[in-house]
Structures are given as C-alpha cells and as structure tokens.
1. Counting only other residues whose beta carbon sits under 11 Å from that of HIS68, what net charge do I get with K and R as +1, D and E as -1?
2. Would you work out which of GLY65, ALA41, ALA87 lies farthest towards the positive end of the dipole of the chain, given +1 charges on the beta-carbon of Lys and Arg and -1 on that of Asp and Glu, about the Cα centre?
3. Of (1) 3, 15, 20, 17, 13, 10, 7, 5, 4, 3, 2, 1, 0; (2) 3, 12, 22, 25, 23, 12, 3, 1, 0; (3) 3, 16, 30, 28, 18, 6, 1, 0, which one was derived for P(r) over Cα pairs in 5 Å bins from 0, in percent from the structure shown?
4. Net charge near ALA46: determine it from the other residues with C-beta under 9 Å of the C-beta of ALA46, scoring Lys and Arg +1 and Asp and Glu -1.
5. Could you order the peptides 19-27, 51-59, 6-14 from most to least packed, using the average number of other C-beta atoms within 10 Å per residue?
6. Taking the Cα centre of the chain as origin, sum charge times position over the Cβ atoms of Lys and Arg (+1) and Asp and Glu (-1), and report the length of that vector in debye to the nearest 20.
7. Can you give the calculated 222 nm mean residue ellipticity of the chain, where each DSSP H run of n ≥ 4 adds -39,500 (n - 2.57) and the sum is split over every residue, rounded to the nearest 500 deg cm²/dmol?
Amino acid sequence: MANTSSAKKCVRKMARKTATNKNRRTGVRSTLRKVEDAITAGDQAAARDALGKAEPEMMRAVGKGIFHKNTGARKISRLSKRVKAMAG
C-alpha cells in the first residue's frame, strides 16, 4: 500500500498507463485476428488488405513499448509468409 503522496500518484499513473496499454494491445490483437480469419476463410484479397492494416498497428505498438521489437517483426513476418503462400 502506498504511503507517501508521490507513491499514491505513481499508483494512479500506473493504472492509467495500464488501461491505455491494454486497449492498444487489444486493438493489435483484433487486427491480427482479422488477418487470421481471412487466411482461414481462404480470401487472399481480404487477407492482404487486413495485413496492410495490421502491420502499421503492430509496429506502432512496438514503438510504444507494448510489444518487443522482435515479437512484432516475427508476427508480421509469419503472417505475410502465410498470406503470400495463399497465391501459390
């Protein structure tokens, strides 16, 4: 339990940041799920479109420190590989 006023302020700040990061993480996961759904449905045009929206969203989250840089690169790489494989 926070005792000093500065510690109480830190707790309030942390709660706000946690809520913001949670919303951003949820948004990124939603965009990635749209790509997954399009791949599962076999709709290459929708998958390519969804990937185009998911990539900047993921990299924005990486820039904000929500995901590690390598995690973002890995996820985008694997998804783009799967979308590309749909063509052939």
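All of the numbers you see were taken from the coordinates with simple rules; none came from a lab. What you are looking at is a predicted structure, and each value in this text was computed from that prediction instead of being measured. Cβ placement follows ideal geometry from the backbone for every residue including glycine, while neighbour counts extend to all protein chains displayed.
1. Details: positive: LYS69, ARG74, LYS75; negative: none.
For residues surrounding HIS68, the net value is +3.
2. Highest projection toward the positive end goes to GLY65.
3. Of the listed options (1) 3, 15, 20, 17, 13, 10, 7, 5, 4, 3, 2, 1, 0; (2) 3, 12, 22, 25, 23, 12, 3, 1, 0; (3) 3, 16, 30, 28, 18, 6, 1, 0, (1) comes from this structure.
4. On the way: positive: LYS34, ARG48; negative: ASP37, ASP43, ASP49.
That sum, taken over residues with Cβ under 9 Å, equals -1.
5. Going from most to least packed, we get 51-59, 19-27, 6-14.
6. Numbers: 23 positive and 6 negative charges, 134 e Å.
My answer is approximately 640 debye.
7. On the way: 3 runs with 75 residues, N = 88.
Helix-only estimate at 222 nm: -30000 deg cm²/dmol.
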